[in-house]
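Since every read-out is calculated from the coordinates, none of them should be taken as a lab result. Quick caveat: nothing in here was measured; it's all calculated off a predicted structure. Cβ coordinates were reconstructed from backbone atoms using ideal geometry, including for glycine residues, and neighbour counts include every protein chain displayed.
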Amino acid sequence: MKTNATRLSAIDAFFVAYQETSGVLMQLGVEVELKGRITRSDLEQVLGHIVRCWPPLGQRLHSGLFGLSWDGECRVSEMLTVAERKDELAGWRNRPLNPFIEPPLQLLWLAEGERNLFAFRAHHAVLDGEGFFALCVEAIRTVAGKHGSNSSLSASICGRSPKSLKVREAIETVQQMRRDARANQSAKLATQSCTPGDTSIVERKLDHTEFRELQQRATELSIAPGWLCAAAWMRAIHAWNLLHGGDSTSLISLEVPVSLRRRRDTHVRTGNWISPLTLYGDATQPLETLAIELKQQLSKAVRQRSHLALPLLSSQAKLLPWPVFRKLAASPELTGFATSHFAWLEQSPTLHDDIVRLSGGALQIVDQRIYTPVCLHMGAALSVLAWPRHAQIFVTYRLTALSAADAQTLLDLVAQELGQKYMTRQQVAV
């Protein structure tokens with residue numbers, strides 16, 4: 001199937017440049033375990049449906065005189081890999097995905113009787129986390145029997161420049177980001193080394209009772225529960241550093257994604273419809289105080305439209321010849337200089353029930369996992385998958401930076417923070 005070319009935005013192209021220059025994989029992953037009978041033909045039909053709705057997911061990158069584009073035939077046959085053993089999964093997660101020679105969305109399928117493992121992975125250049133996880137939900141729903149989609153394709157945030165921010169204000173914001181990066185004042189996670197390598201994940205579940213308590217604490221503080229998780233990650237990093245002779249400074253910074261989608265926009269869109277903001281906090285503060293300050297920082301930055309600065313100023317950079325763009329994008333001064341990444345992802349409250357209903361009871365979701373890229377000097381990143389009655393906390397870490405036991409200890413520190421109640425709302429200075 002041949003479709004028109006789709007030009008990458010500068011933010012999309014950044015992820016290609018970062019992977020090529022740093023050796024760090026810019027790949028997102030979602031792994032879903034399903035119970036039921038599924039055939040290869042079912043999955044080929046699903047992938048065909050996906051590329052009809054979103055052609056870039058099946059195309060390859062092409063470098064033209066002006067920037068990069070998704071172009072050419074949709075190579076559906078190259079999007080599906082059938083595995084025979086579960087130990088193939090780690091290799092799948094860590095095999096570099098080269099979007100110049102293969103489709104940027106791929107699926108590994110492992111069937112053991114009625115147990116199916118779907119391991120989706122996508123290059124960050126074609127989808128941001130929000131879009132990727134929505135796309136995986138769309139795929140699973142289609143497997144369960146929902147055929148067709150009314151989702152509309154929009155491949156680039158640069159199709160409409162954020163005109164609500166003045167150029168002068170955008171320049172000032174980006175200059176401040178560069179000053180913050182050069183000052184390098186926030187702590188670095190204590191790691192074994194700062195070199196590229198494979199990644200792995202550790203997970204901790206918050207059951208219904210634990211998650212309800214977290215939500216209640218957040219409600220008392222008039223914040224979303226994600227802010228308590230972000231603050232817990234900051235405090236855990238600081239505690240880890242003190243235990244392992246690392247950076248003793250208590251100033252921790254987190255790069256968080258801010259959505260550029262309209263509030264009611266539920267469509268899956270290819271490209272990156274997010275912009276990063278870096279938040280700072282003193283990790284010696286009580287958890288609730290820190291969580292409130294993080295929320296206030298983000299709210300202030302969004303009111304000032306600081307998250308629109310990078311998309312606005314980078315919009316024309318997509319037209320640069322690829323070798324020039326790649327060299328410029330290799331600088332860590334605009335993104336990737338924070339202590340770590342943090343992401344909060346809320347999921348459909350009816351997804352598990354929908355799969356049973358759409359499949360007529362033939363399929364059931366058993367479990368799901370996610371992983372995210374880890375920038376070179378960060379060593380680890382934390383993400384939370386929030387469901388209506390429970391939550392899953394994931395630490396993605398690089399094996400050259402931390403051991404599996406190290407990553408588990410970090411996650412244990414996060415869980416301990418979320419289990420502690422430092423003060424009531426009345427004691428917090430808002």
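Please arrange Val258, Val76 by how many other C-beta atoms lie within 10 Å of their C-beta, fewest to most.
Going from least to most buried by this count: Val258, Val76.
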* Working out 0.36 nm times the residue gap between Ile101 and Glu33, then minus their Cα-Cα distance, what length gain in nm do you get to one decimal? -> 21.6 nm
* To do: Using only C-alpha positions, report the orientation-averaged shadow area of the convex hull of the range 58-148, nm², one decimal.
  => 7.1
* Ala187 long-range amide H proximity, modeled H, under 5 Å -> Leu251, Ile252, Ser253
* Per residue and in Å³, how big is the convex hull formed by the alpha-carbon atoms of the range 1-118? -> 106
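What's the FRET efficiency of Val302 with Asn94 using the Cβ-Cβ distance as r and R₀ = 25 Å, to the nearest 0.05? Kindly include the intermediate steps, with their values, before the conclusion.
Working: r = 35 Å, r/R0 = 1.40.
So, using R0 = 25 Å, E works out to roughly 0.10.
Near Trp240, within a Cβ-to-Cβ distance under 14 Å, what is the net charge of the other residues, with Lys and Arg +1 and Asp and Glu -1?
Numbers: positive: Lys188, Arg235; negative: Asp247, Asp406, Asp412, Glu417.
Net charge around Trp240: -2.
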* Expected-Rg normalisation [2.2 N^0.38 Å, Cα atoms] applied to the range 34-83 -> 1.43
* Asked: Arranged by the count of other C-beta atoms within 10 angstrom, fewest first, what order do Met234, Met79, Met378 take?
  -> Met79, Met378, Met234
* So what are the ³J(HN,Hα) numbers for the range 291-296, from phi and the Karplus equation (6.51, -1.76, 1.60; θ = phi - 60°), rounded to whole Hz, Gly and Pro as x? -> 4, 5, 5, 5, 4, 5
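Taking the Cβ-Cβ separation of Glu213 and Leu65 as r and a Förster radius of 56 Å, what is the calculated FRET efficiency to the nearest 0.05? Working shown, then result.
On the way: r = 57 Å, r/R0 = 1.02.
The pair Glu213/Leu65 has a calculated efficiency of 0.45.
Of Cys74, Cys53, Cys194, how do they rank once you tally other Cβ atoms within 10 Å and put the fewest first? Intermediate results must be reported in sequence, preceding the final value.
Working: Cys74 24, Cys53 20, Cys194 14.
Ascending number of Cβ neighbours within 10 Å: Cys194, Cys53, Cys74.
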